[in-house]
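What follows is calculated from the coordinates using simple rules that are stated; it is not laboratory data. All values reported here derive from a predicted model rather than from experimental measurement. Glycine also receives a Cβ, built like all others from the backbone with ideal geometry; neighbour counts cover every protein chain displayed.
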Amino acid sequence: MRVIVDGAGVTVPEGVTALSAVRAAAVGLPTLCHDDRLSPVGSCRTCLVRLDGHVVAACVTPVTEGAQIQVEQDDLCRLRHDAVELIVSALPGHALEGDTELARLCRTLDIGPGAAEPARGQDDSHPYVRLDRDLCIACGRCVRMCAEVQGTFALTLTGRGGDTVVAPGTGGPWAESDCVACGGCVDTCPTGALTEPGLPLGTRSSALTRTRTTCGYCGVGCALDVLTRDGEVTAVKPAHDGPVNRGHACVKGRFAHGFLRSPERLTRPLLRRGSRLEPVDWPEALDHVARGMRAAIAEAGPDTVAAISSARATNEENYLIQKFMRTVIGTNNVDNCSRLCHSPSAAGLTAAFGLSGGTDSFDDAEHADCLLVVGANPIEAHPVVGARLLQHVLRGARLVVADPRRVGLAEHADVHLRARPGTNVALFNGLAHVLLDEGLADLDFLRRRATGLAELTALLEDYPPGRVSEITGVPVPDLVAAARLYGRAERPAIIYGLGVTEHLHGTDGVRTLSNLAILRGAVGTGRGYGVNPLRGQNNVQGASDMGALPDLLPGYAAVGDPAARARAERVWGVPVPRTAGLRIPEMFAAARAGDLRVLWVVGEDVCATDPDTNLVVAALEACPLVVCQELFLSETARHADVVLPAASWLEKDGTFVNFDRRFQRVRPALSPPGQARTDFAIVQALAATLGADLGCPTPAAALAECGRVAPVFGGISHQRLDQEGALAWPCPDAGRPGTGKLYLDRFATADGLAHLAALPYLPPGESPDGDYPFILVTGRRWAHYNSGSMTRRTGNLRLDPADRIDVNPADAARHAVRDGDPVTVESRHGRATLNARITDETAPGQLFCAFHFPASRVNALTSGHADTVTSCPEYKVTAVRLSPGGPP
């Protein structure tokens, strides 16, 4: 479409506004109430133009073919000047200080400060958001940001006329509101009415150093711009061109960086002497570790050494750790924390489709007309994904949520399936039964591209809705309605989380959930968006991709595959052990049995995050040499013999892989404190102490070498990522793009077909009984991350100061428990004391708590039951009892 702006022709898409046309013509126009991410309102009148002879607000007025737009006429400039001057006249003088949008505009228009007296006051109650009411111009951008992007609806405009001002919807202090501190309101505010502590009103961005990196908290992979000055982080801003977050962030990535300069940061190596850990220099610490490893190998062989690599470390660091274990030590005893969360995803997705990752990009899934969200609470655990999903639903997509709890998205679901914990397989079989019974399966796709239909059909005869309802507790009408919503959708998508995987039969859960996408032909086609897991830690996908697994080399090639070993041996120049190594639970068991002599733990607080804590501690105490790389003296580090101070994600160079298989760059914004080193440097130094040369002098060289070992990553490099921003694997060739949507031509299984799984429902490892009548489910809350080692050392602690256990009101009344009361929770494995939170988010007979505060010892309650295929712990089903009061 062609329009004319101040006499010059410009081509714009159909349906755009006059503002878009003016911008396309590269003509400047102020917009104090407008943000491209938000719906336009046209309230400030600062973008007035003349359109076909009429003066209009450009941001809300559409243009048509041949439209004539005038911007620079004297009368229009005067109107806009007067509109801005009127706004400023109601503000105090300090409103034009600093580098705000309003201040820059006034400098351009030569408008001086107003003379209003400060009268409305400030709200400084929140750790991350400061409100100066006297600077609010009631543009509403913050309110729309909270509603339209974040989806929290925590803000409103109150007052009348000139007294209108933004306020929390609850009416009280900001810190007591529903705000989840995403920072979007601060980013969009044009006047400085909303600011953050690190960037007071007078701060000029030109005085700051800006570093683009990728968030090191959850697995969403938000692109962030880190602003630093004099070696300190001033602020962290979400990148507007971030491929996943698109200018949005959550409280953790945006604000929880205070841990960097915590006085508790480890800055020197520590060596145990007697009962104490004492500071030493690096040569002494490394020599102690090297001597311990040599002694263990000499006495009992290389398989007496094991390493737990890190889902918080970069791809290059994980690659180097697994290479060290295989080439320097000579063992496959290396694993990472995906064992505890998404190892059933790796096994289940590989068995169903051929590759160990989600089938589609999140961008694709956002085009679905029906979302099936299972065992996930993205509103809290993956807030940026949660916000994007919520906005998609608010725009009209249908939503089915399957989760025992009334999680955030369930409030907006067409159907909420509240199955009893541990009954996923029965639920998914029941949905599949309805798909087949009502003719909602894509039989042509099944004939051409899938196998196993006959076996599945026979099994599903035992899973009619009535029986499934008896097993799961889901009403028959809800089960049928959910199956019809998914089955009748033209573009359905499945997104799932740890509520599917962390079970005794978690791999079966992934397989039977995948059945639904295969039955609908919704994977490997243009008709749907497959099956996509939400990853918990920032690089849990990448740690496994890089081969930090006991049975798989980089790129998921089996260590038992001679061709894969030969390829690695050609690159590494040494033999690769052919026998699968120990998984994490097996490492602990071997240590308790006296068969493991050295355990090297990188960036994981296993005493806080692994199940059955008492047995984990016993393993660490039994192992002759425990080495821990950490930021802080965690509970695991306290049990270590050597503690090595590590760099954080904001101090590293490399890459992460997010939940939808995207490689993205990680760049250091700061130097590590004191003598702390990156995990990459530590591994290289330890290898050198042992007389070995790992090659790979830089992280870029390590990723390049990984691409030679694992051709699936062969086209990905630091240089290419610096130019393109993100690349999804598979990407075998530098001349080809990454692959967001998998299996369009064939599945990656041996026969090229998708594999349906005929798997029966089997009960969980524990069930409630007279002694332990409740089922405990563990998970995450929005303000913290994993064991809380980082977030508890930031202002997030003010937002969420302690673990608590969610109790249904009926159960609370039965046990005489009031909101906030201390309660004791006991299982067959341990005891924990927490404060009760009375809420109907949790169903009767079920309890929920997080594990962000190690002092609560929540994982002392969880059992040793684990997925029968992958050894992933059954965190989601533990039989417990509840009693009022704390310990005696």
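Summary of computed values
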quantity: Region 774-884: relative contact order as a whole-number percent, Cα under 8 Å and 6+ apart; calculated: 38
quantity: Per residue, the convex hull volume that the Cα atoms of region 720-830 enclose (Å³); calculated: 260
quantity: Contact order normalised by residue count of the chain, Cα under 8 Å, 6+ apart, percent; calculated: 14
quantity: Per-selection Rg to Rh, region 343-533 - Cα, Kirkwood hydrodynamic radius; calculated: 0.92
quantity: Shape category assigned to region 36-195 from the gyration tensor of Cα positions, a/c cut at 1.5; calculated: oblate
quantity: Cut-off 11 Å (backbone N to label point 7 Å along Cα→Cβ of V41), residues of region 144-158; calculated: 144-147, 156-158
quantity: Euclidean distance of C-alpha centroids, region 96-114 and region 192-233, integer Å; calculated: 22
quantity: Computed [θ] at 222 nm, deg cm²/dmol, the chain (DSSP H ≥ 4; -39,500 (n - 2.57); rounded to nearest 500); calculated: -8000 deg cm²/dmol
quantity: Simple label model, 7 Å out from Cα along Cβ direction - N835 to D281, nm; calculated: 4.8
quantity: Shape of region 2-89, Cα gyration tensor, a/c cut at 1.5; calculated: oblate
quantity: Whole-Å distance, taken between Cα centres, linking region 236-256 and region 500-559; calculated: 26
quantity: Estimated Rh, region 227-380: Kirkwood, alpha-carbon pairs, angstrom; calculated: 20.5
quantity: Angle between the chain longest axis and helix 343-353 axis [Cα atoms, degrees, rounded to 10]; calculated: 80
quantity: Other-chain or far-sequence residues with amide H under 5 Å of C872's (modelled H); calculated: D867
quantity: Mean Cβ count within 10 Å, highest first, over the residues of peptides 709-719, 747-757; calculated: 709-719, 747-757
quantity: Cα gyration tensor shape of region 774-884, rounded if a/c is under 1.5, else prolate or oblate by comparing a/b with b/c; calculated: oblate
quantity: Separation of alpha-carbon centers, region 596-625 and region 436-461, rounded to whole Å; calculated: 45
quantity: Protection proxy ranking, peptides 661-667, 130-136, 491-497, average beta carbon neighbours within 10 Å, highest first; calculated: 491-497, 661-667, 130-136
quantity: Segment D124-R204, extension gain: residue separation times 0.36 nm, minus the distance between their alpha carbons; calculated: 26.6 nm
quantity: Angle between the chain longest axis and helix 383-394 axis [Cα atoms, degrees, rounded to 10]; calculated: 60
quantity: Distance in nm between pseudo-label sites at Q391 and A90 (7 Å out along the Cβ direction from Cα); calculated: 2.8
quantity: Relative packing of 460-473, 384-397, 139-152, 438-451, which averages over residues the other C-beta atoms within 10 Å, highest first; calculated: 139-152, 384-397, 460-473, 438-451
quantity: Cα pair distances of region 399-441 binned at 10 Å [whole percent]; calculated: 28, 44, 26, 1
quantity: Angle between the chain longest axis and helix 282-300 axis [Cα atoms, degrees, rounded to 10]; calculated: 40
